[in-house]
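Here's the structure we're looking at; comments come further down.
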Amino acid sequence: MKFRSGLEALQPYSIEEANWPIKLDANERTDGLPPTVAKVISERLAALPFNRYPEITAYSLRKKLAAAVGCTVEQIQVGNGSSELLAAICHVFGGSGHKIVYPEPSFSMYPVYIRLADSQPVPVKLESDYSLSIDAFRNQAQYADLAIVCNPNNPTGNVLPPDSIAELARELTCPLVVDEAYLEFYKTSAVDLLKTNKNLIIVRTFSKAYGLAAARIGYLLTSTDISAAVGKVLLPYHVNALSLLAAETVLDYQAEFVPGIEQIICERSRLANRLAGLPGITVFPSETNFLLIKTERSADLAALLATADIGIRDFSRSPGLVNCLRISIGSPSENNLVFSVIERFSRLQGNRQE
């Protein structure tokens with residue numbers, strides 16, 4: 001049997017799946033949907049005609065999004081999570097001999113999407129503090145067909161300042177994707193740059209701040225030309241009616257999510273400040289719903305957290321992330337437990353060194 005060339009180099013996305021009582025490994029909203037929103041979704045689902053196909057191009061959701069963000073329906077595409085849209089963008093601008101540049105470490109699926117589009121991944125290493133050198137990125141992007149930045153960045157949690165995003169959008173000759181999956185925890189978007197930068201593409205998701213990870217739905221904002229091009233590589237009826245209904249309901253009741261988002265931001269600061277005071281623990285600045293920490297013997301810390309039924313994401317084997325763990329922000333009680341376990345680990349490490 002003959003498979004397409006290059007397929008042997010691809011690895012399917014795989015993480016350890018466990019039914020953690022305290023699940024802080026996937027940057028999900030741990031408190032779920034606000035009760036009012038969950039109730040309305042349930043009522044609307046009861047009236048959904050399951051025997052009918054969903055809208056071919058998700059027009060109703062795109063219309064609501066256009067009103068919410070201040071652009072036209074034609075500038076928006078909807079996908080199965082932002083992942084489908086990122087992959088589609090790579091197909092639109094990629095191809096044999098094409099190069100796509102992105103920071104590293106960043107979202108681990110970028111190089112996968114790039115290779116699936118038969119393109120060459122060009123990673124730009126972040127600095128030791130996980131900041132991105134704009135000069136280094138620009139130097140690589142001048143030879144690329146597409147550039148991608150995640151802002152705020154996953155899994156490091158830090159951001160590119162608005163001026164740097166504007167500079168890249170203005171100066172790069174290739175299209176620039178700004179992945180704003182964690183926008184709601186940072187509250188600074190590149191959306192206004194769309195008015196003057198036709199090569200800019202903003203990608204967002206309902207999975208994080210809005211608690212629709214199970215629904216797998218995201219959207220992009222860009223120029224009408226790029227939007228139309230992306231629309232050509234998306235399958236018809238590609239977003240199911242249940243996910244469309246859930247996303248439209250979220251937009252109808254967006255204010256219901258604000259208290260939960262604000263709590264996550266407050267808890268992020270509280271946990272970061274407490275962890276920063278522990279010997280042997282480095283906490284990196286975050287504008288997301290997670291914290292990246294670094295410590296010697298990180299595998300031991302991950303194991304200790306597991307004994308407390310806490311699941312986190314171990315990035316210690318990923319490029320540029322030696323001894324790093326990513327911890328999603330949970331409820332106040334969950335965060336208190338996380339701190340108590342890490343505090344005990346820090347104390348044990350100190351005793352070993354005495």
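Bear in mind these aren't lab numbers, they're just calculated from the coordinates by the rules spelled out. A quick note: this is a predicted structure, and the numbers were derived from the prediction, not measured. Glycine gets a Cβ as well: all are built from the backbone with ideal geometry, and neighbour counts include every protein chain shown.
For the reader, a short list of remarks on this structure follows.
- Computed from the Cβ-Cβ distance with R0 of 35 Å, the FRET efficiency linking ALA303 to THR173 stands at 0.15.
- Ranked list, fewest to most other Cβ atoms within 10 Å of each Cβ, for TYR253, TYR102, TYR59: TYR59, TYR253, TYR102
- On the beta carbon distance between LEU7 and LYS232, with R0 = 35 Å, the FRET formula returns roughly 0.90.
- Within a straight-line Cα-Cα reach of under 22 Å, LYS99 can be paired with the following lysines, leaving aside sequence neighbours fewer than 8 residues apart in one chain: LYS125, LYS198, LYS232.
- Cut-off 15 Å, label 7 Å out along Cα→Cβ of ASP129, residues of the range 142-165 by amide N: 157-161
- Sorting CYS150, CYS174 from the fewest to the most surrounding beta carbons within 10 angstrom yields CYS174, CYS150.
- C-alpha center-to-center spacing [the range 238-273, the range 166-189] in angstrom: 21 Å
- Inter-site label distance for GLU43 and LYS198 at 7 Å from Cα along Cβ, in nm: 4.6 nm
- Note on LEU251 and ARG317: the model spin-label points, each 7 Å out from Cα along the C-beta direction, lie 4.1 nm apart.
- Entry for Cα extents along the principal axes in Å (calculated from the structure that is shown) out of (1) 75, 50, 46; (2) 69, 47, 34; (3) 64, 52, 51: (3)
- The residue list VAL92, LEU146, THR173 was ranked by how far each Cα lies along the charge dipole of the range 81-226 toward its positive end, using unit charges on Cβ atoms, and VAL92 comes out on top.
- If R0 is taken as 41 Å, the Cβ-Cβ distance between ASN240 and ARG347 corresponds to a FRET efficiency of 0.25.
- Between the residues VAL101, SER316, ALA302, the greatest Cα displacement towards the positive end of the dipole of the chain, with unit charges on the Cβ of Lys, Arg, Asp and Glu, is found for VAL101.
- Over the chain: helical MRE at 222 nm, DSSP H runs n ≥ 4 each giving -39500 (n - 2.57), nearest 500: -12000 deg cm²/dmol
- By the rule of a C-alpha distance below 12 Å, with chain neighbours fewer than 8 residues away ignored, the aspartates and glutamates paired with LYS208 are GLU28, ASP31, GLU180, GLU184.
- Three-way shape label, the range 1-47, alpha-carbon gyration tensor, a/c 1.5: oblate
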